[in-house]
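Here is the structure we will look at.
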Amino acid sequence: MKNLIEQQSKINHLLKRYGVKFGIYKNNTFHEQLFPFDCIPRIITKEDFDYLNKGLIQRVDALNAFLDDIYGEKRIVKDGIIPTEFIYSSSGYLVECEGITPPQHVHSHISGIDLVEGKDGKWYVLEDNLRVPSGASYPMIARDLCRRASPKTFRTNDVEENRDYAKLLKEVMDSVNTGGINAIFTPGRMNAAYFEHSYLAEQTGSKLVSSNDVVVKEDYLYFKNYDGSLEKIGALYRRISDEYLDPMTFLEESLIGIPHLMEIYKKGNIAIINAPGNGVADDKGIYYFVPKMVEYYLHEEPILNNAPTYLPYYEKDKEYVLEHFDDLVIKDVAEAGGYGVFFGNTLSPEQKEAFIEKMLREPRRFIAQEVIDFKDLPIVENGETVERKADLRVFVLSGKETKVWKSGLTRFSRNPDSFIVNSSQGGGFKDTWVLSR
Amino acid sequence: MKTFQLKYTMDFTFSDKINHHYFTLKCLPNTQPRQRVLTNKVRINADYYSLSKDCFSNSMIYGYKEGEHDRLSLYVGSLVEVDWTQYDTDDSLLPVYLKQTKFTQLNEEMQEYLEPFSSYEDPYQKALALSKALYHTMTYQKGSTNIKTDAQTAFTNKKGVCQDYAHILIGLYRQSEIPARYVAGVMCEEKYTHAWVEFYANGRWYGIDPTNDLLVDDNYVIFSRGRDYHDTLVNKGIFYGMNISQTQDIEISMEEILYD
C-alpha cells in the first residue's frame, strides 16, 4: 500500500493526460472539472459487501417495479401507499412515457446508488440516481493505473476484480436488445463526459454514435455506415438526458436528439438505456417511499436504511420537524444541485420563522432528514494523511437479473469541515476495493 | 348520431430546398367513445410514414423525407360517425389534467374573476356558468393573438380566438379543481380547425365550446386532446435548411352524409 501511495502524483498526472475529467449530471445540471485521485482506497469487507449486495439488488428491483407501475396501472397510488401529488408534481414524471413498457420491463438498467457509512458502522442510502448516472469509468481507469504503478499491491491484497464492468454492461445491453447492434449515444465530442462514452463503447464493443450518425426509418433506428448502408440498432445506451432525447416529443430545440426515437420505442423496436421518465423514482420526495416500495412490490423487509426522513406533508412528521428543526437538514425538493439544502441550525430566528411559514404553506415541497455523522476516510494531502468525509456511489446493473458491480466510486470532500460530498463542491475520488475474503 | 365525410388537405411550401425532413402530424381522427372512424385514408408524398399514438391516445402520422424538396403535401380523408350521447369516462390522467401549464396559468385578474362562482357546489353547473360568463366577457377577434399567446395575455385584452377561449376556460376549471383538457378538431361547416374544452364531472367528460357558447354535440369531430394547445399541435417538423420560411395551406371540408 505504501508503494501505491508513493505513486499518487504520477497517477494523477496520467489521469490528466488521458483527459479524465469529472462531468456528472446531477439534478439536471452538468458539472465538469478535473477530478483529483487519492491513492488510499476505500476498503469494503466481504461481509459488508455481501450485505450491501443483497440490499442494493432488493432496492433497485423495487424501484424498477415502481417505475413499471407508475407508467402503467399506478397500483401503489390507488392503494394509498404514495399520495398522488408526490407523483405528478415531480419534475421527473413524464406524461409522455405513460403506457410505455420497455423491453423486459427494465426501466433503470444502470442505477447509481449513493451511500454513506455512519460512525455507528451502519450504511445509509442518501440518494438513488436512475436517470443517466455516470462515473463508473473513473474507478475502472484508476484501478488500471494503480495496477500498473504498483502490481505488488494487488498481489498481496485480496481485492475483487473490477475489470468486469464492461462485461456486465454488455450483458445488460444484450439482454434488452430488440434485434440489432448495441450503440452508445453521446451528445458529441464537446461533452465533458465524452471520454467516458468512448471508453465504454470501446470496452463493450458498441458503436459510438451521435445524432448525425443515426436515422429513424420504417419504425427502426439505423446506424448510417460510411458507404451509405444501414445497420439496425437494438439497444441504445444514451448519455443525454430525457428532455434532449427526441425533439419531436420533448424539447423541440434539441439538436442533439433523435427525431421519432420515442415512436419506435413505444412500438418495442428499441431498448433505451436508461428508460426515459425514470426521474419520477429518484426525486427527493419519492426517496422517502422507497422502503415502502420494497414492502409493497417484493413483500420483503427493506434491507438497506434510508437516512431517517420526515415529510412535513404528514401531520406527525410536521410536528417532529417543528420540534427538532435545529437538528435537521432541510431539502427543497424543487431545487436542483446542492441548492435548497441547509441545516436547520444555520438560520437566524427571522429566517427560521419565514422558512417555517413557507414550509407550512407548501409542505409537499420539503423534506427533512436527520444529520448522519458519517465516517471519515484517510486521504493524502501535501504528503500528510488527513481525514475527510466520503460517500460511495455503487453501480447496480439490471438486465435479465440485477447485479452489483464489485467496486464503486468513492468521492471525498476536500474541505475538512464539509459534510456535503458533492462533485460541484470540488471533491476528489478514490478507488473502492471490495475484499474477496 | 351523425356521419361525416371529412377531408383535410395540408400543403407545406418552403422558401428554399430543404432535406432530412422529419414530421409529426396530428390530424387523424380515431375511434373513441363519442366517435367511430369507419375509414381513414392517408396520402403523403414522403419517403415513408407510419402511425403512432401519443400519451393522450391521439393518433399521429409521423415520417421522413430525406432528399431535397420544397413541398410536403398531406391528404387525410375520414368517414366518422359521431354520437355525443356516449361519454368518455377515462379517469387515468385526471391529476395531469388538474395541473396548470404555462398556457393556462391564471393571473390575479382571473383569480378575481372566479370569486363570484365560488358559491357553486356542483362542478357541472359551475363549469357551464363559467363558460357562459367567459363567452360574454371575451370578444372573438381574429388576429388579436397568435399561437404563443397564453391565457393571461388574452384575458387581459379580453380578445382572442378559440385557442385563447379554451386556454382561459381550462385555467379557470383547473383552479376550481375541475379536471379539464384542450380539444382540437373540426366543427361541421367550418373551414378551419377549431378548439374547445372537455371537463370532468360526475365521473365523465363533458365537451363545451366557450367560443360559441355551446355544449359539444354531434357536429364536432375530434383530432386530438391534451393539457393545452401545445399537445395538439397539428404539425411539427424538423429539417435541414438555411433561413427557411414556410407557408401552410390548409383546406378542410366536413360534410354530413345523409342516408335515406
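The residue list A:ARG143, A:ARG163 contains one member that is closer than 24 Å to A:TRP433 by Cα, open to solvent by less than 10 Å² (accessible area, probe 1.4 Å), of a type in the set (Lys, Arg) and touching a Lys or Arg at 6+ places or on another chain (Cβ under 9 Å), which is A:ARG143. Scanning segment A:120-177 for residues that are under 22 Å from A:GLY55 (Cα atoms), among the β-branched types (Val, Ile, Thr) and in a helix (DSSP H, G or I) returns a single hit, A:VAL172. Tallying residues that are in contact with a helix residue (DSSP H, G or I) (Cβ under 9 Å, 6 or more places away or on another chain), part of a helix (DSSP H, G or I) and under 18 Å from A:TYR265 (Cα atoms) within segment A:188-234 yields 0. Counting only strands (runs of 3 or more DSSP E) that sit wholly inside segment B:1-96, those with at least 2 residues that are surrounded by fewer than 18 Cβ atoms within 10 Å (Cβ to Cβ) and of a type in the set (Gly, Ala, Ser) are B:48-53, B:69-82.
Of all residues in segment A:70-105, those satisfying the criterion of being open to solvent by 10 Å² or more (accessible area, probe 1.4 Å), modelled with pLDDT of 95 or more and more than 11 Å from every other protein chain (Cβ to nearest Cβ) are A:ARG75, A:ASP79, A:GLY80, A:ILE81, A:THR101, A:PRO103, A:GLN104, A:HIS105.
Residues that are surrounded by fewer than 19 Cβ atoms within 10 Å (Cβ to Cβ): find the helices (runs of 4 or more DSSP H) completely inside segment A:277-374 holding 1 or more of those. Before you say what the answer is, go through the steps one by one.
Numbers: elements: A:284-287, A:290-293, A:315-323, A:349-361.
Counting at least 1 such residues, we get A:290-293, A:315-323, A:349-361.
Each residue in segment A:235-277 was checked for being more than 12 Å from chain B (Cβ to nearest Cβ) and of a type in the set (S, T, N, Q), and 2 of them qualify. Considering segment B:213-260, the residues that are out of contact with any strand residue (DSSP E or B) (no Cβ under 8 Å at 6 or more places or on another chain) and without any contact (Cβ under 8 Å) to a residue 24 or more places away in the chain include one that is most open to solvent (accessible area, probe 1.4 Å), namely B:ASP260.
Against the test of being more than 22 Å from A:GLY92 (Cβ to Cβ), hydroxyl-bearing (Ser, Thr, Tyr) and within 14 Å of chain B (Cβ to nearest Cβ), the options A:SER211, A:SER229 yield a single qualifying residue, A:SER211. Candidates A:LYS316, A:LYS352, A:LYS292: the one that is more than 20 Å from the chain's Cα centre (by Cα) and modelled with pLDDT under 95 is A:LYS352.
Residues checked against (1) under 21 Å from B:GLU251 (Cα atoms); (2) of a type outside the set (A, V, I, L, M); (3) out of contact with any Cys (no Cβ under 9 Å at 6 or more places or on another chain); (4) free of Cβ contacts under 8 Å to residues at least 24 places away in the same chain:
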residue: B:ASN40; (1), (2), (3), (4): yes, yes, yes, no
residue: B:ALA46; (1), (2), (3), (4): yes, no, yes, no
residue: B:LEU79; (1), (2), (3), (4): yes, no, yes, no
residue: B:TRP84; (1), (2), (3), (4): no, yes, yes, no
residue: B:GLN100; (1), (2), (3), (4): no, yes, yes, no
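The set of residues from segment A:230-248 being of a type in the set (Ser, Thr, Tyr) and open to solvent by 30 Å² or more (accessible area, probe 1.4 Å) comprises just one member, A:TYR244.
The values are calculated or read from the model by the stated rules, or taken from the named source; none is laboratory data. None of the values given here were measured: they were computed from a predicted structure. For neighbour counting, all protein chains shown are included, and Cβ atoms are generated from backbone atoms with ideal geometry for every residue, glycine included. Heads up: the accessible areas ignore ligands, DNA and RNA and are worked out on the full protein's heavy atoms, side chains in. Shrake-Rupley method; radii C 1.70, N 1.55, O 1.52, S 1.80 Å.
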